[in-house]
Amino acid sequence: MAEVKLTAEVRTEFGKGAARRVRREDKVPGVIYGHGSEPKHVAIDSHALMMALKTPNALLNLDIDGKSELCIPKAVQREAIRGFLVHVDYLAVKKGEKVTVEIPIHTEGDLAPGGNLLEHILNTLPVEAEATHIPESVTVSIAGLDAGHSVLAKDITLPAGSTLAVEEDAVVLQVVAAQAEAVEESAEDAEGAEA
């Protein structure tokens, strides 16, 4: 995963009014936590940050007053209706440091014929990886799975350098049989009984 370089300004004012002023300047307020140091309050250009956050678990290289700070977004708050960024919490990281992140799960292949449905028990997979080598996603083959089959966390092939941060026996995906036909049949039986 490539680093995204952004420029951040240090914020000296805090509270709702100060945050609103920052947002009116098309910037997003945020706080950098980690490594036992005092939290750093920053503001980053809204559009540049929005583009950087399109990649899950983006590694951000923030330029703060000429000093470089590596971090990953941990909590992103968006406005409920329009979806613009309101506030972001960042976790400061160092090269070589292991972090726990959740990566998206993608599926490939087709289920066995017969009206089976795929149920995602987990939409993301918690893994531990080096901060500078966080995988973008993990792909799981569901080809030929029939009703009653499950994919466990230990069955998923992880990218090199990643380890599971969830129990190995945790169910990630399961295949269930469709039940819509039984409802239609019972409705037809009820109509026949009334006649």
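The values are calculated or read from the model by the stated rules, or taken from the named source; none is laboratory data. Keep in mind the model is a prediction, meaning the values are calculated, not measured. Positions of Cβ are backbone-derived with ideal geometry, glycine not excepted, and every protein chain shown enters the neighbour counts. SASA here: full protein model, heavy atoms, side chains in, ligands and nucleic acids out. Shrake-Rupley method; radii C 1.70, N 1.55, O 1.52, S 1.80 Å.
Given the structure, is Leu111 crowded, with 18+ Cβ neighbours inside 10 Å and within 16 Å of Glu136 (Cβ to Cβ)?
In short, no.
Being of a type in the set (Gly, Ala, Ser) and either more than 14 Å from the chain's Cα centre (by Cα) or part of a loop (DSSP other than H, G, I, E, B) (or both) narrows it down to one residue among Ala75, Ala129; which is it? Of Ala75, Ala129, the one residue that is of a type in the set (Gly, Ala, Ser) and either more than 14 Å from the chain's Cα centre (by Cα) or part of a loop (DSSP other than H, G, I, E, B) (or both) is Ala129. Please verify whether segment 53-72 includes one or more residues that are more than 25 Å from Ala131 (Cβ to Cβ), not hydroxyl-bearing (Ser, Thr, Tyr) and not in a strand (DSSP E or B). No - not one qualifying residue is present in segment 53-72. The residues listed here are Ile81, Ile64, Ile32, Ile44; of these, the one that is more than 26 Å from Val138 (Cβ to Cβ), in contact with a Cys (Cβ under 6 Å, 6 or more places away or on another chain) and among the β-branched types (Val, Ile, Thr) is Ile32. Taking the stated definitions as given, is Ile64 within 25 Å of Glu102 (Cα to Cα) and either β-branched (Val, Ile, Thr) or exposed (fewer than 12 other Cβ atoms within 10 Å of the Cβ) (or both)? Criteria not met by Ile64.
Can you go through Ile105, Ile142 and tell me which one is hydrophobic (A, V, I, L, M, F, W, C), over 19 Å from the mean Cα position of the chain (by Cα) and surrounded by 15 or more Cβ atoms within 10 Å (Cβ to Cβ)? Unique residue meeting the criteria: Ile142.
Considering only residues that are touching a Ser or Thr at 6+ places or on another chain (Cβ under 8 Å) and at pLDDT below 85, which ones fall in segment 5-33?
None - no residue of segment 5-33 is touching a Ser or Thr at 6+ places or on another chain (Cβ under 8 Å) and at pLDDT below 85, so the list stays empty.
Total residues in segment 104-126 satisfying the condition of being assigned to a strand (DSSP E or B) and under 17 Å from Ala177 (Cβ atoms): the figure is 5. Among residues of segment 75-99 being open to solvent by 50 Å² or more (accessible area, probe 1.4 Å) and touching a residue at least 40 places away in the same chain (Cβ under 8 Å), the one that is nearest to Glu9 (Cα to Cα) is Leu91.
Whether a residue is touching a strand residue (DSSP E or B) at 6+ places or on another chain (Cβ under 8 Å), over 26 Å from Lys16 (Cβ atoms), in contact (Cβ under 8 Å) with a residue 24 or more places away in the chain and surrounded by fewer than 16 Cβ atoms within 10 Å (Cβ to Cβ) was assessed, and Asn123 does not pass this test.
Only one of the numbered conditions (1) over 14 Å from Pro126 (Cβ atoms); (2) open to solvent by 70 Å² or more (accessible area, probe 1.4 Å); (3) in a loop (DSSP other than H, G, I, E, B) is not met by Glu168, and that is (1).
Only one of the numbered conditions (1) open to solvent by 70 Å² or more (accessible area, probe 1.4 Å); (2) touching a Pro at 6+ places or on another chain (Cβ under 6 Å) is violated by Val31, and that is (1).
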